[in-house]
Amino acid sequence: MDLSGRVALVTGGTRGLGYEIAKAFAEHGADVVVASRKPEACAAVAADLWEKTGRRVLGVPAHVGLWAECDRLAEAAYEEFGRVDILVNNAGMSPLYPSLDAVTEELFDKVIGVNLKGPFRLASLIGTRMVAAGGGSIINVSSAAAVQPGAAEVPYAMAKAGLNNMTAALARVFAPTVRVNTIMPGMFMTDISKAWDPAEVERRFREDVPAGRGGRPEEIVGAALYLASDASSYTTGSTIKIDGGFAWAAG
């Protein structure tokens, strides 16, 4: 799974699953662009990964829910490195809301923007350039909610279902040289899990997850490296579940 000589762009790359993916790519030889909305986080992670791996790392603050910000992010990556070989659409958000009828238009638009509109724009821009350059890999990070939605995450689940559909469509659009795939995580113990009700989490692990626990962030890395590297040269339009069995076990 050697990524030497390649450039990866990872959105939501300053914490959680995105950080682990960006670090793994750098450890396996790639130069990396990490993006998130907070400039200080981008700068800190860029310095951290450079110190740990010796690879070139560029931090770019960007709100991927905004079309113009996606354009600026893509241009920054190409200006710095001249190419992008791997795009990971990892940035996501799922704000809590008191009831479905209380979901505001602003909240709805933000959730769709970050989870679906941004990945579409970045994949469209960078995938087109990848085709012109002769190849590449796009990895969309979805969620088990796309196929097993909960009552408290309706807009998020809708957006992630759209992301799964987009993967299948773009695998055809950019074929045969650019591969497009999805990683579909279940319950991972990232920062977002701190807001979960501990009793409910314990019940879900006990009743709905055959593995009996949540995922550790570093457990996303194997699938990401596989899809980014030549090891997956015959894999496109696919969805890889990493959920401890949750998506099909939950009732």
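The values are calculated or read from the model by the stated rules, or taken from the named source; none is laboratory data. Keep in mind that what you see is a predicted model, and the values were worked out from it rather than measured. Glycine also receives a Cβ, built like all others from the backbone with ideal geometry; neighbour counts cover every protein chain displayed.
Annotations for the structure displayed:
- Residue selected from region 113-137 under the condition in contact with a His (Cβ under 9 Å, 6 or more places away or on another chain) and small (G, A, S), by the criterion farthest from A8 (Cα to Cα): G113
- None of R72, R83 is under 25 Å from V173 (Cβ atoms), among the basic types (K, R) and not in a loop (DSSP other than H, G, I, E, B) except R72.
- Per-region count, region 209-245, residues at pLDDT 95 or above, surrounded by fewer than 18 Cβ atoms within 10 Å (Cβ to Cβ) and part of a loop (DSSP other than H, G, I, E, B): 5
- Qualifying position, being out of contact with any strand residue (DSSP E or B) (no Cβ under 9 Å at 6 or more places or on another chain) and either crowded, with 18+ Cβ neighbours inside 10 Å or not in a helix (DSSP H, G or I) (or both), among L116, L49: L116
- Just one of the numbered conditions (1) surrounded by 23 or more Cβ atoms within 10 Å (Cβ to Cβ); (2) assigned to a helix (DSSP H, G or I) is not true of A8: (2).
- Restricting region 24-46 to residues that are part of a helix (DSSP H, G or I) and in contact (Cβ under 8 Å) with a residue 40 or more places away in the chain, the residue that is surrounded by the most Cβ atoms within 10 Å (Cβ to Cβ) is F25.
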